[in-house]
Amino acid sequence: MTTKVVYFVVDGRDEQTEFCSDDDTDDLKETFRAAAEAGPHDILKLYNKKGNLINISPRLSENAPDSRYKLEVVAAQCTGEHSTMASRLGFDLSVFDERLCALEKKVFVDNGDMPETVVEMKAKVEELKQKLEGVEHLSWLGLFKDISSGTSLKPFWDKQKSLKKSEQHSKRVFQKFMSMSKVQVTDEVREYLHKPTFDNWQWDESEMLILLRQMFIDLGFVTRFNIELPVLHNWLYEVFTNYNLVPFHNFKHCFMVAQMMYGLTWLIDLPSILDDIDILTLITSAICHDLDHPGYNNAYQINARTELALRYNDISPLENHHCSVAFEILEKQHCNIFRNLKRDEFRRVREGMIRCILATDMAKHNEILGNFKTAVQHFDLNNKDHKSVLMMILIKVADISNECRPMEVAEPWLECLLQEFFNQSDLEKLEGLPVAPFMDRDKVTKPSSQIGFIKFVLLPLFEALGILFPKLEPHIITPVRKALDYYTDMQNALEEEKHKKESSNSVGKHNGISNQVNGKIQT
Ligand code: 5GP
Ligand code: MN
């Protein structure tokens, strides 16, 4: 293996790169692409000193700084029936846009003012971009669609492949889980596990499995329902492997929802108002409620006509799937924690779990909250419907309770959620599907995402539960009000910053560049 250095010139700039003779050709092309600031569809052309076109590969001969290769970038020429409008027009608009931005910056720094021609050119690109975006199912990002069909370029990511945990990783977690299973969880940790202030970020996945097991022991389920510990371990592990590697709806989210449900169980002393089958139903539903979540919501499933949407006729495809996977796991006898339940006990748990998991579809939010508010006016635990809607509300509260957590626990969860939203909206743009504004990276900020959600979803829901259980106020209502203040302050700060930037930009534009050095305004 030999290391080579080649020198080249691109766009008037001198560049050099180092690679090994057995490196991957695609990797080397990527290096050249990066040096040329080229888009994924641009064609790279490399010329030698004689002006002959040469191949970019690790077999490329070394050269000296005074005999540089010349690298040129040519816009992609997509042909064939799949080519999009922008590519048929013969250019990659995103690259053009980026280049124009760079040019704009340079001109502004060098001249201090923007020549009319550049302003005009920018307006034209913007207009064209909008025209292309406006054509239904042909967003200009739809360019990337072609990559998967028949070219040597790989798609950005493989949706299905990257979702699943590797066997190796899962086995390591299982071994650690088993090696800890004989260890006693301390009283201090068991107590901490009751609290909504619990910080999940301190624990790894195998420790979370131990903590879930502890919940089953401390709630008395293991003895009451005669759950054999090896079966409990197998079930928990199977649940763990069936949560995907997605930013938000992963095993940690499952753990947090279960932990909040467990905390609520103690805080409002659920065993004094519900029977043990109901509590078993609630905790098990919380653990299973997002099983095999693919990281794209129901709107995506329906719009993209996925297998799940087809199977469930667009009716809560995800929640139906989570629930179905839950019972598939329980069908395996070595994982069936309910195998010693009486027939009618199992029937009750199954009915209850289906009801609770389906209730987590936010499309049902108003309907369920409305029913609960009506029930609360004359709440009667002997009324089957009242009890059922209370259970639905409890799982809903646990499901969307991140903002009840201390800020250092809650904020990283928001980042995970936004990451998942952005992944979805990016894909929707690529596939030419409708994009919800609350998922769009160009439209959403942390505060804009949370302020409305807290005001219109969280507070009305938590306050309704608070009417029935006033004890909950300091645990779930006060912290959410604080979070609202926190995000309102953040929003104000962002707006102030934006305002400052806008006014300093207009000062720069109107007053020339006398007070500007290296693109930075000096005051
Ligand atoms: P899920 O059952 O999907 O876990 O939760 C229901 C949905 O509520 C989430 O997919 C997400 O759309 C929304 N949600 C949950 N927590 C938050 C949050 O903190 N902020 C916002 N904006 N949405 C949330
Ligand atoms: Mn959830």
Inset, instruction - Look at THR488 and say whether it is among the β-branched types (Val, Ile, Thr) and more than 30 Å from LEU280 (Cα to Cα). - result: yes
Inset, instruction - Give just the number: which of (1) crowded, with 23+ Cβ neighbours inside 10 Å; (2) away from ligand 1 (no atom under 16 Å from the Cβ); (3) farther than 18 Å from MET180 by Cα does TRP235 not satisfy? - result: (3)
Legend entry - Residue under evaluation MET256, criteria (1) more than 24 Å from VAL325 (Cβ to Cβ); (2) in contact (Cβ under 8 Å) with a residue 60 or more places away in the chain; (3) surrounded by 15 or more Cβ atoms within 10 Å (Cβ to Cβ), criterion not met: (1)
Inset, instruction - Just need a number here: residues in segment 248-294 that are assigned to a loop (DSSP other than H, G, I, E, B) and within 22 Å of LEU209 (Cα to Cα). - result: 9
Legend entry - Condition met for GLU37 (at positive phi, surrounded by fewer than 17 Cβ atoms within 10 Å (Cβ to Cβ), at pLDDT 65 or above and in a loop (DSSP other than H, G, I, E, B)): yes
Inset, instruction - Restrict the check to segment 458-467 and report whether at least one residue is among the aromatic types (Phe, Trp, Tyr), farther than 21 Å from LEU270 by Cβ and within 13 Å of ligand 1 (Cβ to nearest atom). - result: no
Legend entry - Condition check for GLU403: part of a helix (DSSP H, G or I), of a type in the set (Asp, Glu), surrounded by fewer than 18 Cβ atoms within 10 Å (Cβ to Cβ) and within 12 Å of ligand 1 (Cβ to nearest atom): no
Inset, instruction - For HIS293, work out the one condition from (1) farther than 25 Å from LEU264 by Cβ; (2) crowded, with 19+ Cβ neighbours inside 10 Å it doesn't fulfil. - result: (1)
Inset, instruction - From ILE354, ILE400, grab the single residue that is within 30 Å of PHE221 (Cα to Cα) and within 15 Å of ligand 2 (Cβ to nearest atom). - result: ILE400
Legend entry - Selected residue (criterion: surrounded by the fewest Cβ atoms within 10 Å (Cβ to Cβ)) from residues of segment 352-394 that are aliphatic (A, V, I, L, M), more than 14 Å from LEU274 (Cβ to Cβ) and in contact with a Leu (Cβ under 8 Å, 6 or more places away or on another chain): VAL376
Legend entry - ASN320 closer than 21 Å to ALA286 by Cβ, buried (at least 16 other Cβ atoms within 10 Å of the Cβ) and in contact (Cβ under 8 Å) with a residue 40 or more places away in the chain: no
Inset, instruction - Kindly check whether there is at least one residue in segment 324-338 that is surrounded by 15 or more Cβ atoms within 10 Å (Cβ to Cβ), in contact with an Asp or Glu (Cβ under 6 Å, 6 or more places away or on another chain) and under 21 Å from THR223 (Cβ atoms). - result: yes
Inset, instruction - Being without any contact (Cβ under 8 Å) to a residue 24 or more places away in the chain and either small (Gly, Ala, Ser) or within 16 Å of ligand 2 (Cβ to nearest atom) (or both) is the filter here, so list the residues in segment 262-307 that pass it. - result: SER272, GLN301
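The values are calculated or read from the model by the stated rules, or taken from the named source; none is laboratory data. Note that the structure is predicted; figures quoted are calculated from it, not measured. Positions of Cβ are generated from backbone atoms using ideal geometry, with glycine treated the same way; all protein chains shown enter the neighbour counts.
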